[in-house]
C-alpha cells in the first residue's frame, strides 16, 4: 500500500473513493469500485481463510465478503464479522469482485485537487493496491 | 429462505432437484436423487450405521466447519454408496427445490482452500420472505455440497485424532436412530 496525501498522486486524472475503516483512512481508485451498498445479512460459509467473512447477496448477485482490516494487517486470527446492517464497498480484484465492510464513506477525490498543495488539515490516506492485496491473501 | 418450489431456467435448460437443509446459519443442498434415506438422529452419534446391508459413515459437518457441537436431535441424510456411503447430520431439513443447472455459480474467488472440496457451487434463490414484508428481497445463497469431499476431509480429521492404539469409533447401533 502507498501512504500519500490524497492530493499528490503520480497518475493525474485518477479519482479516488476515500473511506474510513476503524482509525484508518483508506482510498480506492473509483474505477475499481463496482458498487457501494448497505447489507443486512451475511452467509457465514465456512472457510480456511482467516479474513473470509462469507458470502453476501445483493440484488440477486452473490459476492465474497472480506475482513479488510485483517487482510491489511496480515492477521491470522478469527475474521471480525461486522455489525449488521453494514456499509460495504464491492471492488474489482484481479480475480473477481469482492466486498469489504467499511465504517464511513468520506469523499471522492477528483482530478481538480491534483497538484495543489494540501490544506494543513488534510489527512493522509492509504491508497489500496488491490492487485497486491489479492496476492497477499 | 423458503426452499420449496422452482428456481426456473431462463432458457428452458435442465433442472436439478435438490434437497435443502440447514447446518448452522447456512442453507445447503444436495441432489435429491442421491438421498437413500432420511432419519431422525442424535447429534452426539459417531461411527457408522448399517442400512440395507451397507455401512454409512456418520459425518457431522460441524466438526469440519468449526461450529460448536449441538446437543439436540437432528436429521441424518444417508447418501452415496460403497466407500463413499455417508450419513450426513443436519439440523433441519427444509424441503425440495428445483434449480436450473445454468444458475449454479462457482464459489467467490477467494474460497480457495478446503471449501473447493466441500462445496461445488452456489445458487441465488428468491427470498420469498420479502413478499411477507420482512427480508430485503435481495435473494439468498443456497450452497451445493460435495458429500464425497466432506467425507474425505472428515476421514482425514478422524485419522489425525485416532488414538495411538488404532482403536476406531464404535458402531452407532441401537438408541439414537429412528427410521
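Laboratory data are not the source of any read-out in this text; all were calculated from the coordinates shown. Bear in mind that the values here come from a model prediction, so they are computed numbers and not experimental data. Methodologically, a virtual Cβ is constructed for each residue, glycine included, from the backbone with ideal geometry; neighbour enumeration extends over all protein chains shown.
Here are the numbers for this structure:
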quantity	calculated
Residue B:120-residue B:63 FRET efficiency (beta carbon distance; Förster radius 25 Å; 0.05 resolution)	0.80
Förster radius 30 Å - calculated FRET efficiency between residue A:84 and residue B:104, Cβ distance, rounded to 0.05	0.65
Peptides B:16-23, A:124-131 ordered by average Cβ neighbours within 10 Å, highest first	B:16-23, A:124-131
Estimated FRET transfer efficiency (residue B:160, residue B:25; beta-carbon r; R0 30 Å; 0.05)	0.65
Average beta-carbon neighbours from other chains, 10 Å sphere, peptide A:36-46	5
Shielding of B:103-114 by partner chains, average beta-carbon count, 10 Å	6
Shielding by other protein chains, B:115-123, mean Cβ within 10 Å	2
